[in-house]
């Protein structure tokens, strides 16, 4: 794979990310007391760590602007939204519909992310995994899951 | 020879049909939950406690201990095959183990993990048998000062883990430390970065973070690549199961070093077991002739940490068996199991109930043999998983991640957190930042702060205590040396780069 | 084998029973018991010691579900909001069932109004201990040392019973004690063994091993009477601190307005289970002793009284709300 170096590359992203993390931490931690050396407050360590993040971020940022870094790989919106939707479906259904139904729809949903969809496989895989999940987690490991919709 | 007499006593207890059977059940269940993400030994032991009610105490403990170290064995499997750490300590195994799988050496990685774990487990069992009491006496002297300095050393080691930029690694350690501080402050009860979310009040759960950042992020990255390029499978080359002669030569010393590190650090409460696998990895990388192989599938990066991890899981029994102090959540569960049977874990167990103490130790070695016998043939089967087309594999992985994480809290919110960490991990990949240093920072973060504050509170605000106590001083000097070793080469590199530029 | 068959049967019966809505006869499906702490703690172990017997008495499975967080208040809130049908119960303790009411700025539930209390396992005293190597042999020695210079005390967690008891004692004895919080009982105990912290004020259960093994020396307990396991350790009451009588108690609760027949059956089942010799031995090993004079009728009064006591301790000793 050909990777080109650019100023708007990974380093830029990483630097901005560190700075953002640090700045958010400092902002939301502004109400926490820092205390004294003997009795450090809850805000002492976060302030130290967040300032460190901003500093590291700034260095990474400057270095990437000076020397350039590897380009960021392209983003596939389909994959990202697919994952968000799949896990969202599980979270939304497991509590109310139980393991059987939740596994079915989650696996079926996950299969949709892939462009090479084979309907027969989707049906087989989701039923198979749903049954396997119930056997493994509920029967063998005895985890207190809700199995069926109530 | 007391030791031999005692071990003989132990084996007469452990080698009965019933105890062998329950040892086998324990390691089987342990392997299973180790392989599955999310599910840990704590939940499983809790679930099985009422059943052990009918068993002899020693039989119950043999089975429950088997679950614990069996899960440590099993944890490496999913790390290597799917980049999904089933257990906290197997995050390190992901680094080179999964790379080996991508290079078609999954079989070798799994085999060396099993063999390393066996050697680590055997040696550590001997250490527990022979030196437990002396080690306990040493650990008894540790205060917050020593723990803090040890963790400083651990953090410096975390920077070495990264195969890319040192600066990025430092940044990631800091993010990890930060995430570790989320939750209710131990000393004051102040809520930090909780934003009114009840789940965050006790801090971020490690398993949720790791499953998201490794398991989910890896699936997302693979899917992206497949959608863009249309490649049929993430890994096509399964390779053969055994190790080559060269791989043996590289692994053997790593296994021994890992065993030593694991045995030593496993005794320490809290994150000892986890620190040991990170420390072993760091050591191997520093000793290697060509450190650049690490992160690209270096077999020492699997052999060392896996041995360390399993050795540590055996020696983590020492504080419980010799002082009655459980050193981690699983050991607390074991202590509970003993209490349920009316045995109070204390320093008196060795003298009052020698058959229990030595029987358990003998069973630990037998369990390790069983695991080796079971795991080596399994390698051939496990690597077949890689031949499963990815379009069938990834929905399975996602479902396992979901169920495993949900089983921890029984709250759908935890799935959303896992998703959040998945996206975060994916962003880290995009920006060329590796998550491993973050994980170590995360694990050490709150404990480190806690110990610092406690040490300062007790010393009355005098920071010199860290240099006055000898063990602490040793850790800090080691940390400083390691830091110089890490920073110097990268400093030189950047100067060269500037000259060329 | 027995386990496999049993779980299979139970699973089968759940599968068949689950879709039925009508509540003709309680219980007709497994009962969820929320443990608001991590598995392996005293509350969890008390439940697991009784599970087997209670299941037999009620004729259904008990499913213990861990919902840890915020000192037990997260799991407790789940039960407070659950329907009062007897299928969601809670195993709770002083922290979430009394202190939470006065510790939090905004308590997530009302411990008196939102729960029905069903069964009291008993209470475990707070143990006051020092290192076996410490020159302090009695509570008088400790008070004398604290009068000279403020002494430190270790315990597991800010706002825990041990913490508040230490504060209460400091006020009664007129000394200054510095609270050094730890994440768990083992770490707290290790800190007095290493000599880092001067004393330990914590629920007895986790320190039975330390006392038996001789690493720590118990100088007092806070219960009304001496602990049966350790008759040699005096109570603070007899040592001249009659107002420091404290236990960390454990009980079973359900949502408010639970039907009376369910209340009775749960109480009977747990009472019988507690009498089983093996379970009783296990409960005693955990340092939990029966609290005399408590029964179904006055559980709620007891809780009300405890809330008042802890509220007073917090106010008088300047412990900030969270």
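Starting from residues that are touching a residue at least 24 places away in the same chain (Cβ under 8 Å) and over 14 Å from the mean Cα position of the chain (by Cα), keep the ones in the range C:35-50 and report whichever is nearest to residue B:331 (Cα to Cα).
Residues of the range C:35-50 that are touching a residue at least 24 places away in the same chain (Cβ under 8 Å), as a first pass: C:35-39, C:42-47, C:49-50.
Now restrict to residues that are over 14 Å from the mean Cα position of the chain (by Cα): C:49-50.
Values: C:49: 18, C:50: 22 Å.
Checking each candidate, the answer is C:49.
Does the range C:283-291 include one or more residues that are within 14 Å of chain B (Cβ to nearest Cβ), surrounded by 22 or more Cβ atoms within 10 Å (Cβ to Cβ) and either without any contact (Cβ under 8 Å) to a residue 40 or more places away in the chain or assigned to a helix (DSSP H, G or I) (or both)? Spell out how you get there, then give the answer.
Let us first name the residues in the range C:283-291 that are within 14 Å of chain B (Cβ to nearest Cβ), namely C:283-288.
Now narrow it down to the ones that are surrounded by 22 or more Cβ atoms within 10 Å (Cβ to Cβ): C:283, C:286-288.
Restricting the remaining residues to those that are either without any contact (Cβ under 8 Å) to a residue 40 or more places away in the chain or assigned to a helix (DSSP H, G or I) (or both) gives C:283.
Within the range C:283-291, one or more residues are within 14 Å of chain B (Cβ to nearest Cβ), surrounded by 22 or more Cβ atoms within 10 Å (Cβ to Cβ) and either without any contact (Cβ under 8 Å) to a residue 40 or more places away in the chain or assigned to a helix (DSSP H, G or I) (or both).
Just give me the residues in the range B:157-166 being surrounded by fewer than 23 Cβ atoms within 10 Å (Cβ to Cβ) and either away from chain A (no Cβ under 11 Å) or in a helix (DSSP H, G or I) (or both), in sequence order.
Hits for the range B:157-166 are B:163, B:166.
If we scan the range C:53-63, do we find a residue that is assigned to a strand (DSSP E or B) and touching a residue at least 24 places away in the same chain (Cβ under 8 Å)? Spell out how you get there, then give the answer.
Initially, the range C:53-63 is screened for residues assigned to a strand (DSSP E or B), giving C:62-63.
Keeping just the survivors that are touching a residue at least 24 places away in the same chain (Cβ under 8 Å) gives C:62-63.
Among the residues of the range C:53-63, at least one is assigned to a strand (DSSP E or B) and touching a residue at least 24 places away in the same chain (Cβ under 8 Å), which makes the answer yes.
Kindly indicate whether any position in the range A:64-75 is surrounded by 17 or more Cβ atoms within 10 Å (Cβ to Cβ) and part of a helix (DSSP H, G or I). Break it down stepwise before answering.
Residues of the range A:64-75 surrounded by 17 or more Cβ atoms within 10 Å (Cβ to Cβ): A:64, A:68-69, A:72.
Now restrict to residues that are part of a helix (DSSP H, G or I): A:64.
Checking the range A:64-75: at least one residue is surrounded by 17 or more Cβ atoms within 10 Å (Cβ to Cβ) and part of a helix (DSSP H, G or I).
Would the range B:86-94 turn up any residue that is in a helix (DSSP H, G or I) and out of contact with any helix residue (DSSP H, G or I) (no Cβ under 6 Å at 6 or more places or on another chain)? It would help to see each step written out before you state the result.
First, the residues of the range B:86-94 that are in a helix (DSSP H, G or I): B:88-94.
Next, only the ones that are out of contact with any helix residue (DSSP H, G or I) (no Cβ under 6 Å at 6 or more places or on another chain) stay: none.
No, because not a single residue in the range B:86-94 is in a helix (DSSP H, G or I) and out of contact with any helix residue (DSSP H, G or I) (no Cβ under 6 Å at 6 or more places or on another chain).
Does at least one position in the range B:344-354 carry a residue that is away from chain C (no Cβ under 14 Å) and either under 22 Å from the mean Cα position of the chain (by Cα) or touching a residue at least 40 places away in the same chain (Cβ under 8 Å) (or both)?
Filtering the range B:344-354 down to residues away from chain C (no Cβ under 14 Å) leaves B:354.
Then keep just the ones that are either under 22 Å from the mean Cα position of the chain (by Cα) or touching a residue at least 40 places away in the same chain (Cβ under 8 Å) (or both); that gives B:354.
Checking the range B:344-354: at least one residue is away from chain C (no Cβ under 14 Å) and either under 22 Å from the mean Cα position of the chain (by Cα) or touching a residue at least 40 places away in the same chain (Cβ under 8 Å) (or both).
Quick grid of which residues meet (1) more than 7 Å from chain B (Cβ to nearest Cβ); (2) surrounded by fewer than 23 Cβ atoms within 10 Å (Cβ to Cβ); (3) in contact (Cβ under 8 Å) with a residue 40 or more places away in the chain; (4) assigned to a helix (DSSP H, G or I):
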site	(1), (2), (3), (4)
C:144	yes, yes, no, yes
C:162	yes, no, yes, yes
C:167	yes, yes, yes, yes
C:195	yes, yes, yes, no
C:202	yes, no, yes, no
C:207	yes, no, yes, yes
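Check the range C:239-261 and report whether any residue there is in a loop (DSSP other than H, G, I, E, B), surrounded by fewer than 23 Cβ atoms within 10 Å (Cβ to Cβ) and under 17 Å from the mean Cα position of the chain (by Cα).
yes
Please go through the range A:1-21 and give me each residue that is more than 8 Å from chain B (Cβ to nearest Cβ) and assigned to a helix (DSSP H, G or I), ordered by number.
Those that are more than 8 Å from chain B (Cβ to nearest Cβ) and assigned to a helix (DSSP H, G or I): A:12, A:15, A:16, A:19, A:20.
Being over 30 Å from residue A:43 (Cβ atoms), over 18 Å from the mean Cα position of the chain (by Cα) and either free of Cβ contacts under 8 Å to residues at least 12 places away in the same chain or part of a helix (DSSP H, G or I) (or both) is the requirement here; does residue B:128 meet it? Full working, then the answer.
On the way: over 30 Å from residue A:43 (Cβ atoms): yes; over 18 Å from the mean Cα position of the chain (by Cα): yes; either free of Cβ contacts under 8 Å to residues at least 12 places away in the same chain or part of a helix (DSSP H, G or I) (or both): yes.
In short, yes.
I want to confirm something. Restricting to the range A:100-119 and keeping residues that are facing another protein chain (nearest Cβ under 7 Å) and surrounded by fewer than 19 Cβ atoms within 10 Å (Cβ to Cβ), which single residue is farthest from residue B:227 (Cα to Cα)? Give the steps one after another, and end with the answer.
Filtering the range A:100-119 for residues facing another protein chain (nearest Cβ under 7 Å) gives A:103, A:106-107, A:110-111, A:113-116.
Checking the rest, the ones that are also surrounded by fewer than 19 Cβ atoms within 10 Å (Cβ to Cβ) come to A:115-116.
Values: A:115: 7, A:116: 9 Å.
That would be A:116.
Out of the range B:382-418, which residues are out of contact with any strand residue (DSSP E or B) (no Cβ under 9 Å at 6 or more places or on another chain), assigned to a loop (DSSP other than H, G, I, E, B) and either within 7 Å of chain A (Cβ to nearest Cβ) or without any contact (Cβ under 8 Å) to a residue 12 or more places away in the chain (or both)? Write out each step before concluding.
Taking the range B:382-418 and keeping what is out of contact with any strand residue (DSSP E or B) (no Cβ under 9 Å at 6 or more places or on another chain), we get B:382-407, B:411-418.
If we keep only those that are assigned to a loop (DSSP other than H, G, I, E, B) as well, we get B:388-389, B:411-412.
Passing the criteria: B:388, B:412.
Which condition from (1) surrounded by fewer than 21 Cβ atoms within 10 Å (Cβ to Cβ); (2) modelled with pLDDT of 90 or more is the one that residue B:129 breaks?
(2)
Please find, among C:78, C:91, the residue that is crowded, with 24+ Cβ neighbours inside 10 Å and either under 17 Å from residue B:201 (Cβ atoms) or more than 8 Å from every other protein chain (Cβ to nearest Cβ) (or both). Explain how you work it out, then say what you get.
Values: C:78 fails: crowded, with 24+ Cβ neighbours inside 10 Å.
Answer to the check: C:91.
Tally time: how many residues in the range B:317-343 are more than 19 Å from residue B:124 (Cα to Cα), part of a loop (DSSP other than H, G, I, E, B) and either at pLDDT 85 or above or more than 7 Å from every other protein chain (Cβ to nearest Cβ) (or both)?
Total satisfying the criteria: 2.
For residue B:492, only one of the following conditions fails: (1) more than 28 Å from residue B:276 (Cβ to Cβ); (2) at pLDDT below 90; (3) within 14 Å of chain A (Cβ to nearest Cβ). What is its number?
Evaluating residue B:492 over (1) more than 28 Å from residue B:276 (Cβ to Cβ); (2) at pLDDT below 90; (3) within 14 Å of chain A (Cβ to nearest Cβ) leaves (3) as the failure.
Does the range B:169-191 hold any residues that are at pLDDT 90 or above and over 11 Å from residue B:438 (Cα atoms), and which are they?
Within the range B:169-191, B:181, B:182 qualify.
Checking the structure you have, find out if any residue of the range B:445-461 is under 30 Å from residue B:222 (Cβ atoms), within 22 Å of the chain's Cα centre (by Cα) and in contact (Cβ under 8 Å) with a residue 24 or more places away in the chain. Talk me through it step by step, then tell me what you get.
First pass over the range B:445-461, keeping only residues under 30 Å from residue B:222 (Cβ atoms): B:445.
Pick out the ones that are also within 22 Å of the chain's Cα centre (by Cα) and you get B:445.
Still in the list and also in contact (Cβ under 8 Å) with a residue 24 or more places away in the chain: B:445.
Yes.
Take the conditions more than 21 Å from the chain's Cα centre (by Cα), crowded, with 21+ Cβ neighbours inside 10 Å and not assigned by TED's automatic domain parsing to the domain that holds residue A:110 and apply them to residue A:49. Does it pass? Can you show your working first?
Values: more than 21 Å from the chain's Cα centre (by Cα): yes; crowded, with 21+ Cβ neighbours inside 10 Å: yes; not assigned by TED's automatic domain parsing to the domain that holds residue A:110: yes.
It is true that residue A:49 is more than 21 Å from the chain's Cα centre (by Cα), crowded, with 21+ Cβ neighbours inside 10 Å and not assigned by TED's automatic domain parsing to the domain that holds residue A:110.
Is it the case that the range A:112-132 has a residue that's within 23 Å of the chain's Cα centre (by Cα) and either on the phi > 0 side of the Ramachandran plot or at pLDDT 85 or above (or both)?
yes
Within the range A:121-131, can one find any residue that is under 21 Å from residue B:44 (Cα atoms) and at the interface with chain B (Cβ under 7 Å from one of its Cβ atoms)?
There is no residue in the range A:121-131 that is under 21 Å from residue B:44 (Cα atoms) and at the interface with chain B (Cβ under 7 Å from one of its Cβ atoms).
Condition check: outside the structural domain of residue A:23 (by TED's automatic domain parsing), part of a helix (DSSP H, G or I), at pLDDT below 95 and under 24 Å from residue B:227 (Cβ atoms). Does residue A:97 satisfy that? Steps first, answer last, please.
Values: outside the structural domain of residue A:23 (by TED's automatic domain parsing): yes; part of a helix (DSSP H, G or I): yes; at pLDDT below 95: yes; under 24 Å from residue B:227 (Cβ atoms): no.
For residue A:97, the condition - outside the structural domain of residue A:23 (by TED's automatic domain parsing), part of a helix (DSSP H, G or I), at pLDDT below 95 and under 24 Å from residue B:227 (Cβ atoms) - is not met.
The values are calculated or read from the model by the stated rules, or taken from the named source; none is laboratory data. This one's a predicted model, so the numbers in the text were calculated from it and none came from an experiment. We place every Cβ from the backbone using ideal geometry, glycine too, and count neighbours over all the protein chains shown.
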